[in-house]
Each structure stands twice: as C-alpha cells, then as structure tokens.
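Okay, structure first, notes after.
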Amino acid sequence: MVAFENALAGGFAEHFGRYAAKQVHLWLLATHPAWRRLGAGTLLCQWGMQRAAANGWPTTVLASPMGTLLYKRLGFELVGAVTVHAAGDADDEKLLVTCLVHHHGQEQQREQQQHQEQEQEQEQEQEQEQEQEQEQEQEQEQEQEQQRQDQIEPREAGASHGFWTRWFSWLSFTR
C-alpha cells in the first residue's frame, strides 16, 4: 500500500503540481459494480468538472485503465502515466495509472481561434482571387483594345494606300 501511495503522490506532483490549489482533482471516484456502465461515473465526473469550470480551473485525475476510457471520452487529455509496482508480494503486481487533465473553456477558445483563422484565410483567398480576376479582366480589356487598334490601323493604312494607288492609277490611265 505504501508503494501505491508513493507512486500516486509522485505522479500527482509531477503532472499536476503546477496547478497547486487551483485545480479540482477527482480523488478515488468509484462506481458500485451494479451501477457500472449506466452513467453514474459520468455524472460524478461532470459534477467535479462543473465545479472546476466555475472557478476557471482544470480538472485533474489519476485513473485506472478502466477509468481512462471514461475520462478520455469526457475530453480529458493524457499528460503522463505512473507505474505502481508492488514489490515483495509473491505475484509482483504492477498497475499503470494514467494522469489526465481537462482544461475548461480552453478547448472552446482554441476552436474559436482556429475558426477565426480559417475565416481570415478564406477572406484573404477570396481577396486574392478577386484581385486576380480584376487583373485578368484588365489584361483582357487591354488585349481587346490592342486588337481593335491593330484592326483599325491596317484598314486606315490600307484604305489610304488603296485610295492613292487607285487615284494615281486613274491619273496615269487618263493621261
């Protein structure tokens, strides 16, 4: 039992010590076997999570392998693990205890920030597309204007050349 307590105390200090008294730690949550898989564990966790959220604090927990699944489903993040080794017994038992934390409100802030960044990127892409479209329209207009100019100049040159050629031809013919 001493090894168990020492391992948990070490894991708590290592992974949750930075929060000091500003955390709600879920100590030894257990559900009677008759009430397992019926939502009792979720209700217990949510009660603690609501207390933590009211203060803006994280919720922390040291979990057994069975409890880890519940906590992850509730949004807890794995931050570490501690192996409890009960030496000296005939069976030499080991238990992996996971260290999990749930940060209230920070997920929403991260999601909002990501959403805002995505909106900004989309706006920038739309602006760039609009600028490219405007540039393409201007280039097309310039090309069309150049084509009109190219068509007008040869006609005028050809018309004047043709006129003078015909005039001189007529003059020389009439002489």
Which one of Leu74, Leu78, Leu62, Leu38 is at pLDDT 90 or above, open to solvent by 80 Å² or more (accessible area, probe 1.4 Å), in contact with a Cys (Cβ under 8 Å, 6 or more places away or on another chain) and aliphatic (A, V, I, L, M)? Leu78
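Would you confirm, using the coordinates I've provided, whether Glu107 is at pLDDT below 85, surrounded by 11 or more Cβ atoms within 10 Å (Cβ to Cβ) and assigned to a helix (DSSP H, G or I)?
Details: at pLDDT below 85: yes; surrounded by 11 or more Cβ atoms within 10 Å (Cβ to Cβ): yes; assigned to a helix (DSSP H, G or I): yes.
Judged against the criteria, Glu107 is a match.
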Just to be sure I understand, how many residues within the range 5-43 are part of a helix (DSSP H, G or I) and under 22 Å from Val82 (Cβ atoms)? 16
Is there any pair linking a residue in the range 35-59 that is under 19 Å from Cys99 (Cα atoms) to one that is open to solvent by 60 Å² or more (accessible area, probe 1.4 Å) and of a type outside the set (Asp, Glu), with Cβ under 6 Å and at least six apart or on different chains, and which? Leu44/Leu29; Trp57/Lys22
Note on the range 7-24: residues more than 27 Å from the chain's Cα centre (by Cα) and within 19 Å of Ala54 (Cα to Cα) are Ala20, Ala21, Lys22, Val24
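The values are calculated or read from the model by the stated rules, or taken from the named source; none is laboratory data. The model shown is predicted, which means the values in this text are computed figures rather than measured ones. FYI the Cβ positions are ideal-geometry reconstructions off the backbone, even for glycines, and counts take in every protein chain you see. Calculation scope for accessible area: heavy atoms of the full protein, side chains included, ligands and nucleic acids excluded. Shrake-Rupley method; radii C 1.70, N 1.55, O 1.52, S 1.80 Å.
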